[in-house]
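Below you'll find the structure, written out as structure tokens, and then a few comments.
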Amino acid sequence: MKKTRANLFFVYSLIVTLLFLILLTLILPLTSGGDRVIATLILVGGLAVVVVLFYQIYLNYIKPVHQITGTLQELIRGNYKARAFESYHYGTGRLAQSVNQLARNLQYLNRQEKMHGRQLHTVIDHMESGLMLIDEQGYVHLVNRKFIEQFGKTEEAYHNKIYYHVMDQQKVYQAVQEAFLYEQTVKGSITQSKDGQVSHLEFVGAPFFNESRELRGVVLVFHDITDLKKVEQMRKDFVANVSHELKTPITSIKGFAETLLDDELTNIELQRKFLTIIYKESDRLQALIHDLLELSKLEKEEFRLKIAKVNMTELLSDSVEIVRSQAEQKAIEIKFEVANELFLTGDAPRLKQVFLNLLYNAINYTSEGGTILLRAKQTDQWLEVQVSDTGIGIPKALIDRIFERFYRVDKARSRNTGGTGLGLAIVKHILEAHDGLIQVESELDAGSTFTVSIPLTLNNH
Ligand SMILES: Nc1ncnc2c1ncn2[C@@H]1O[C@H](COP(=O)(O)OP(=O)(O)OP(=O)(O)O)[C@@H](O)[C@H]1O
Ligand SMILES: [Mg+2]
């Protein structure tokens with residue numbers, strides 16, 4: 001480039017020199033003597049002036065203009081780093097300055113645009129909802145990471161494809177069609193299974209327009225509502241379970257009360273038996289309602305533990321005293337291996353509830369003559385309490401389920417012991433509020449061990 005420009009100067013200089021030579025050969029024969037010398041001198045001097053002038057023009061105009069043109073071409077190509085050489089010459093110097101200013105502005109705008117693009121891309125890619133952008137001709141322009149997670153395949157599989165070729169959910173592409181047709185937002189929900197996992201998705205197809213209100217495409221957004229559905233299902237199950245649990249005692253209370261009201265019943269012995277049943281059933285009802293209220297209290301947003309320093313050695317020994325008479329009825333021995341002076345910060349009445357529940361369970365699910373061992377020790381930043389029994393044990397596969405509300409391994413047996421199936425759900429709630437954990441090890445017909453770990457100091461409460 002530089003070379004050709006320099007050549008240009010030499011070519012023009014050569015042409016001018018040739019012209020002068022021709023002039024010289026034409027003029028010289030017409031002159032003689034001193035005139036010839038003067039004419040030659042004038043022509044050579046003229047040539048020198050023209051070459052110098054030409055060189056100046058080349059240096060100040062032609063060369064800078066060429067350079068600036070080169071810079072502009074670089075800018076057109078998208079290289080916004082290109083700059084022109086700013087000479088001191090007034091005209092071209094200002095031109096170069098203006099071009100450089102333009103280049104700087106373009107570079108700035110380009111950088112801004114890239115940054116905005118990146119920001120937008122990051123936001124779209126980190127959205128918790130799947131997103132698909134379809135242009136007015138039905139071609140997919142963009143799918144985000146969540147969308148790929150929800151529907152599988154790769155970005156390339158969607159990009160620049162017609163939407164109904166890449167979406168196999170009929171409900172969705174019908175919604176997109178409607179959004180295009182009526183230019184209105186369309187909502188719907190689908191179930192999507194990917195890698196054997198079923199998820200529930202709610203979607204919105206919204207048309208978008210340019211400034212002159214012309215339809216430019218449709219944006220599809222998918223929200224995962226699987227967890228919401230699960231909660232909804234749990235609520236339904238809970239209501240069904242509660243109703244079922246309430247129905248049984250109420251039916252028997254009503255039945256026996258009706259029989260008692262029957263005038264013909266004169267047998268005092270039988271009356272007493274029926275009244276005892278009514279009493280027991282109402283007791284069960286009371287326990288159930290008490291546990292339900294307890295659970296709902298624990299689940300309330302505003303529920304707060306009443307934190308204080310707790311003497312755990314005392315709390316555990318008090319708990320054993322409370323359950324002792326019930327254990328004695330079944331000739332169950334309770335061994336107490338709790339270190340002295342165990343302290344932690346927590347809610348004492350709630351913690352007592354935890355250990356009473358575990359101890360009652362140990363008694364209820366252990367046959368006569370069995371043994372219960374209560375151990376407690378301090379490890380690092382934790383207090384570890386173990387309640388072991390030599391009872392009936394829990395099948396391995398069901399261990400996780402016993403913390404669910406109303407879950408009982410053996411419904412009939414648990415009901416006989418007056419159980420509501422809410423005890424361990426309450427235990428788990430209280431321990432979670434204390435940032436604690438509960439683990440279970442169990443062997444069928446050999447016994448179970450419930451290990452509770454609670455941090456010694458409770459933060460952020
Ligand atoms: N120590 C244990 N040994 C064997 N099975 C147990 C033991 N503890 C709990 N389970 C099983 O876990 C189930 C759930 O226990 P949970 O304490 O939540 O309910 P429950 O004892 O039936 O009733 P309650 O609400 O009155 O405590 C019990 O029904 C029982 O099947
Ligand atoms: Mg229980």
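The values are calculated or read from the model by the stated rules, or taken from the named source; none is laboratory data. Quick caveat: nothing in here was measured; it's all calculated off a predicted structure. Positions of Cβ are backbone-derived with ideal geometry, glycine not excepted, and every protein chain shown enters the neighbour counts. Only protein heavy atoms, including side chains, enter the accessible area calculation; ligands, DNA and RNA are left aside. Shrake-Rupley method; radii C 1.70, N 1.55, O 1.52, S 1.80 Å.
Set against the 2.2 N^0.38 Å expectation for a compact globular protein, the range 308-455 has a Cα radius of gyration ratio of 0.98.
Converting phi to 3J(HN,Hα) with the Karplus coefficients 6.51, -1.76 and 1.60 and the offset θ = phi - 60°, the range 216-229 yields 10, x, 10, 10, 10, 10, 10, 9, 7, 10, 4, 5, 4, 4 Hz in sequence order, with x at every glycine or proline. Name the shape class, rounded, prolate or oblate, that the alpha-carbon gyration tensor gives for the range 354-415, where a ≥ b ≥ c are the square roots of its eigenvalues, rounded holds for a/c under 1.5, and otherwise prolate holds if a/b is larger than b/c and oblate otherwise. Taking the square roots of the gyration eigenvalues as a ≥ b ≥ c, the range 354-415 is oblate.
Taking trypsin sites (Lys or Arg not before Pro) in DSSP loop conformation with at most 16 other Cβ atoms inside 10 Å as exposed sites, the chain has its longest uninterrupted site-free stretch at 331-461.
Note on E183 and L19: their simple-model spin labels are 6.7 nm apart, each label 7 Å out from Cα toward Cβ. Does anyone have the angle between helix 33-57 and the longest principal axis of the chain? Alpha-carbon axes, 0 to 90°, nearest 10? So the helix axis and the longest Cα principal axis differ by about 10 degrees.
Take every DSSP beta bridge whose two residues both sit in the chain; close to 90 percent of them are antiparallel. Proximity of backbone amide H atoms, modeled 1.01 Å from N, is registered between W382 and L456 at under 5 Å, excluding neighbours fewer than 5 places apart on the same chain. With the helix formula -39500 (n - 2.57) applied to DSSP H stretches of n ≥ 4, the chain reaches a computed 222 nm mean residue ellipticity of -18500 deg cm²/dmol. Per residue, the convex hull around the alpha carbon atoms of the range 229-299 comes to 67 Å³.
Expressed as an acute angle from 0 to 90° and rounded to the nearest 10, what is the orientation of the C-alpha long axis of helix 423-433 relative to the principal long axis of the chain? Result, in degrees: 40.
Overall, the accessible surface of the range 2-113 at a probe of 1.4 angstrom is composed of carbon and sulfur to the extent of 69 percent. Our coupling estimate for the range 360-375, obtained by passing each phi through the Karplus curve with A = 6.51, B = -1.76, C = 1.60 and θ = phi - 60°, is 4, 4, 4, 5, 5, 9, 10, 6, 4, x, x, 10, 10, 10, 10, 10 Hz, Gly and Pro reported as x.
Positive end of the dipole of the chain (Cβ unit charges, origin at the Cα centre): among V37, L358, T313, the Cα lying farthest that way belongs to V37.
Cα-based radius of gyration for the chain, normalised by 2.2 N^0.38 Å, reads 2.03. Residue separation of E441 and E301 scaled by 0.36 nm, minus their Cα-Cα distance, works out to 47.2 nm of gained length. Helix 2-27 and the long axis of the chain differ in direction by around 10°, with both axes built from C-alpha atoms. A crude spin-label estimate for the pair H290 and Q326, with each label 7 Å from Cα along the Cβ direction, gives 0.9 nm. How large, in percent, is the carbon and sulfur part of the accessible surface of the range 229-299 at a probe radius of 1.4 Å? With neighbouring chains kept in place, the figure for the range 229-299 is 60 percent. Distance from the Cα centroid of the range 172-193 to that of the range 95-169 is 22 Å (rounded to whole angstrom).
Taking every protein chain into account, the accessible area of the range 155-203 amounts to 67 square angstrom per residue (probe 1.4 Å). For chymotrypsin sites (Phe, Trp or Tyr not before Pro), the sites in the range 59-90 that DSSP calls loop and that have at most 10 other Cβ atoms within 10 Å are Y88. Here the dipole of the range 208-331 is about 320 debye; that uses its Cα centre as origin and unit charges on the Cβ of Lys and Arg (positive) and Asp and Glu (negative). Candidate cross-link partners of K247 among the lysines, defined by an alpha-carbon separation under 20 Å and a same-chain spacing of 8 or more, comprise K236, K280, K411. For GluC sites (Glu not before Pro), the sites in the range 251-320 that DSSP calls loop and that have at most 15 other Cβ atoms within 10 Å are E264, E301, E302. Just the protein heavy atoms count here, and of the accessible area of the range 308-455 at 1.4 Å, carbon and sulfur take up 47 percent.
Extension gain, I225 to D262: 0.36 nm times the residue separation minus the Cα-Cα distance gives 7.9 nm.
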